[in-house]
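Take a look at the structure set out below.
No value in this document is a laboratory result; all are computed from the given coordinates. Bear in mind that the values here come from a model prediction, so they are computed numbers and not experimental data. Cβ placement follows ideal geometry from the backbone for every residue including glycine, while neighbour counts extend to all protein chains displayed.
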Amino acid sequence: MRSFCILFFLICSVFSSNFLSCQTLQELAYEKGKLAVELTDKGDFVKSLELLEQAQSLDPENYRFPYEIAYVYYLQKDYKKVIKLVSKLFTYKGIGDEVFVLWGNSYDNLKKQKKALEVYAKGLMKFPYSGKLYTEIGISYLRSNELRKSIESFEKGIELNPSYPSNYYWATKIFSNSINPGWAFIYGEIFMNLEPGSSRTVEVSQMINQIFANHVRIVNDSMVSVNLFDKSSALDEMIRNYSSDSTIQRLSFPLILQLIAMNAAHGETKINEKSIMRMRTKIAKDYFKKNYDKKFPNVLLNFQKKVMDAGFWDEYNTFIILQSNKEKFELWLEQNKSRWEEFVDWFNQNSLKLNLGYRFYRNQYLGLQNK
């Protein structure tokens, strides 16, 4: 929710000297508001509120100042005050989805989930593609342990706003602890691409490593056990369909991923960071070698291939897996500094770009697997 629209106060006084005094007031309001936000972040709420009220009086048509005032009260856990303030913001022009997020969060914190969901739903009527609102709806359901509704909301947010990271993060958390952790591989890695430098990135890297540790088991030299998807249905279907090259095409995407993960695990003797990176390499290569991408095109696997073709797979693979181990990653970084810098430059120019025409969400495959 932390936000302050710096670009809102653009200087336009060049058109007429009549605008000068008005623009000066807006500029002064902006400066006061900017300082107030800094004070809010430092915990000086009294001085922050004083400056925000001054800014609001100087630029009364800008909704950002009353919004920031409400946010200060939110930080002080005066949720009733927040609701009272935010509910008046709809007379302002240009309000954003963060208004509904702050309003709904306040009801949620007052244990009024029904009211919170009503607010989020009202927000979606105005902002139907808001990834933020779908995240908040999902979190609200998660608080009441309604996992099915929660994941539905996160995945709807992924579907409608594929470049917004938080829904991938929450979907990864849910699937990593489910009977279908294979989906967490994809959602988690997409999240790490969209938000590569945060503490949540480290957390998701840990989840990916833990899924390998928990669900890939080396039985002996010739046998491995991989359980990325519901064993009762996934393995049975694999056995039924994997009898010839022609019937393998009837496998669903989860079964294909399970199959190539099993193949990738053969030859490994234990599960650790190095073996996980080797398995990931085999999975990415196998997917295209066996033409699974023709039936089930996947934006993440496409990006992995792009990284491989550019010659930066080792660096990228290390980023995904070793983010969870700061000591090992920093040691690797010391030994590969120049290559890492080259990769970062390449990544900044070639990062994963998602939109409504190029995205991944789990349900998009449901209509493909029976074709």
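³J(HN,Hα) across the stretch 193-209 via Karplus (A = 6.51, B = -1.76, C = 1.60, θ = phi - 60°), whole Hz, x for Gly/Pro?
These are the phi-based 3J(HN,Hα) values: 6, 7, 9, x, x, 10, 5, 5, 4, 4, 4, 5, 4, 4, 4, 4, 4 Hz.
How would you rank 63, 365, going from fewest to most other Cβ atoms within 10 Å of each one's own Cβ?
365, 63
Tell me, in nm to one decimal, what length is gained between residue 219 and residue 266 on full extension, where the rule is 0.36 nm per residue of separation less the Cα-Cα distance?
15.9 nm
Calculated from the structure, log10 I(q)/I(0) by the Debye sum over Cα atoms at q = 0.06, 0.09 Å⁻¹ equals which of [x] -0.33, -0.73; [y] -0.41, -0.76; [z] -0.31, -0.65?
Working out log10 I(q)/I(0) by the Debye sum over Cα atoms at q = 0.06, 0.09 Å⁻¹ from the coordinates points to [z].
Counting Lys and Arg as +1 and Asp and Glu as -1, what is the net charge of the other residues whose Cβ lies under 13 Å from the Cβ of residue 289?
Numbers: positive: 282, 285, 290, 294, 305; negative: 286, 293.
Spelling it out: positives minus negatives among the neighbours equals +3.
Fewest Cβ neighbours within 10 Å first, please rank 223, 308, 279, 125 accordingly. Before the final figure, lay out the partial values.
On the way: 223 11, 308 17, 279 23, 125 8.
Listing 223, 308, 279, 125 from fewest to most nearby Cβ atoms yields 125, 223, 308, 279.
What residue among 322, 352, 331 has the largest mean-square fluctuation in a Gaussian network model of the chain, using Cα springs under 10 Å?
Ranking 322, 352, 331 by mean-square fluctuation puts 331 first.
Please report 148, 143, 200 as a ranked list, fewest other C-beta atoms within 10 angstrom at the top and most at the bottom.
Least to most surrounded, the residues fall as 148, 143, 200.
Which entries of 274/353; 149/295; 81/173; 274/305; 42/122; 77/326 have Cα-Cα distances beyond 25 Å here?
Result: 274/353; 149/295; 81/173; 42/122; 77/326 exceed 25 Å.
Using a cut-off of 19 Å between alpha-carbon atoms, which aspartates and glutamates can reach residue 328, once sequence neighbours fewer than 8 places away in the same chain are excluded?
The reachable aspartates and glutamates, counting only those whose Cα sits under 19 Å from residue 328, are 203, 273, 314, 315, 341.
In the Gaussian network model of the chain, springs joining C-alpha atoms below 10 Å, which of 270, 32, 294 carries the largest mean-square fluctuation?
Maximum among the listed residues: 294.
Say each of residue 38 and residue 314 gets a label point 7 Å from the Cα, pointing the same way as Cα to Cβ; how far apart are those two points in nm?
4.5
Quick one: net charge of residue 113's neighbours, Cβ under 13 Å, K/R +1, D/E -1?
Net local charge, residue 113 excluded: +2.
Rank 118, 136, 50 by mean-square fluctuation in a GNM of the chain with C-alpha springs under 10 angstrom and give only the top-ranked residue.
50
About the Cα centre, and with charges only on the beta carbon of Lys, Arg (+1) and Asp, Glu (-1), how big is the dipole of the chain? Nearest 20 debye, please.
1160
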